[in-house]
Structure formats: structure tokens, C-alpha cells
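See below for the structure under consideration.
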Amino acid sequence: MPSMFGHVIASTALGYAFFPRYARGRGLLLAAACAIAPDTDVLAFSFGVPYESVWGHRGWTHSLLFAGLLGCAFGLLGFKSPMDRGWAALWFSLSAASHPLLDMLTTGGLGCALWWPFSDERLFFPVRVIRVSPIGVQEFISAWGLRVLLSEGFWIGLPSAVLVSVCWWLRQNEK
């Protein structure tokens, strides 16, 4: 998996690129929470759930169904007007969905159950370029963690900056 930083960069870029009206304090925090929420499944390890179980890491919480439901719930809770709720729910769902999509680009793990509950199959993209992040703070504060951050800077940060810049430029030229 990319680190928490990589996931938050993606959700922030989605907000500034496509939902600039909502890309402020609360919206950014809720989008970030949606982007990192799928990794709460690591708590299953504490209960003896094996990694490869659909209830384990990169299982059901890494599905598009989970992303959609989580995004809608956060959109409903985070905003008052129906229009704001709808746009926010879309942003938050995309933020949550970006998590397994980024995980599917990593160099480690067992893949993501993207299509759960319709399929338990774990998937990766054919190209896997993002260095997999260690699980745990101790392991992250190491040369491995630094390599992960450099990889994320290139494969997530750079494309995110380009996306936000292009969308900003297009909005400026509409006026």
C-alpha cells in the first residue's frame, strides 16, 4: 500500500481539481479520512483474521462498494444542502476509491478485492510502480520508508500536481 501521505495527496488533488468549491478545511479532512479509511482493516490482524481473508487487509474495505457507501455517508454527514451533499459524496467516494486503485499499483501485498461482494478475487494493475509501504510507524521511519516517500512523490505527487494545475488552468481560461 502507499503510505497515508500518498492516499491523502490523491484525495486532496481530487478535491482541488474537480471539487474546488468544497476543497476547504472540513471537506479536505473528510476526503482524507475517506482516503485512508480502507486501511482500518489492518485491525483485523489483532483478531487473528488472516491477510488473505476477504475480511482481512485489502479485502472488503478495498472494494468499490465500500468506497461508494463510505463516500455517501460522509457526504450526508458533512454537509447541509442536498446539492452540497451530492457533490461532496461524489468527491469522498472517489477519494475512498482512489485507495484500492493506488494499492493496486504497489509492488507488494496480495492485491485488492475491488469487486467485492461480487468477487473475492484480489487484483493488481499489470504495472506496479509504487513501492509498498511498511505497516507500522517503526518500520516506516527507516530507509524503506524514505524510498516509499520518494516513490509516492514521483508516482502520486507529480501526477497530482499536474492534474490540479491543468484543471486550475482550464478554469481560469473559461472566464
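The values are calculated or read from the model by the stated rules, or taken from the named source; none is laboratory data. In this text, all values refer to a predicted model and were calculated from it rather than measured experimentally. Because the Cβ atoms are built from the backbone with ideal geometry, glycine has one as well, and the counts that use them run over all protein chains shown. Surface accessibility is based on the protein's heavy atoms, side chains included, excluding ligands, DNA and RNA. Shrake-Rupley method; radii C 1.70, N 1.55, O 1.52, S 1.80 Å.
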Is at least one residue of region 137-152 among the hydroxyl-bearing types (Ser, Thr, Tyr), surrounded by fewer than 17 Cβ atoms within 10 Å (Cβ to Cβ) and out of contact with any His (no Cβ under 6 Å at 6 or more places or on another chain)? yes
Per the filter on region 49-65, residues in contact with a Phe, Trp or Tyr (Cβ under 6 Å, 6 or more places away or on another chain) and buried (at least 20 other Cβ atoms within 10 Å of the Cβ) are His57, Ser63
Quick count over region 4-13, residues being under 26 Å from Gln172 (Cα atoms) and either open to solvent by less than 30 Å² (accessible area, probe 1.4 Å) or not in a helix (DSSP H, G or I) (or both), is 3
Within region 30-48, of all residues that are free of Cβ contacts under 8 Å to residues at least 40 places away in the same chain and surrounded by 13 or more Cβ atoms within 10 Å (Cβ to Cβ), the one nearest to Ala67 (Cα to Cα) is Asp41
Pairing a residue in region 95-119 that is within 15 Å of Trp60 (Cβ to Cβ) and at pLDDT 95 or above with any residue that is open to solvent by less than 20 Å² (accessible area, probe 1.4 Å) and of a type in the set (D, E, K, R), where Cβ atoms lie under 6 Å and the two sit 6 or more apart in sequence or on different chains, gives Cys112/Arg58; Cys112/Asp103
When (1) assigned to a helix (DSSP H, G or I); (2) closer than 16 Å to Leu102 by Cα are applied to Gln172, the one that fails is (2)
| request: Kindly establish whether Trp169 is open to solvent by 50 Å² or more (accessible area, probe 1.4 Å), more than 30 Å from Val54 (Cβ to Cβ) and of a type in the set (Phe, Trp, Tyr). | output: yes
Expected output for region 69-92 (first residue over 16 Å from Ser11 (Cα atoms), partner aromatic (Phe, Trp, Tyr) and modelled with pLDDT under 95, Cβ below 6 Å, 6+ apart or cross-chain) is Arg85/Phe79
Test Leu149 against the criterion of being in contact with a helix residue (DSSP H, G or I) (Cβ under 8 Å, 6 or more places away or on another chain), part of a helix (DSSP H, G or I) and free of Cβ contacts under 8 Å to residues at least 40 places away in the same chain, and give yes or no.
-> no
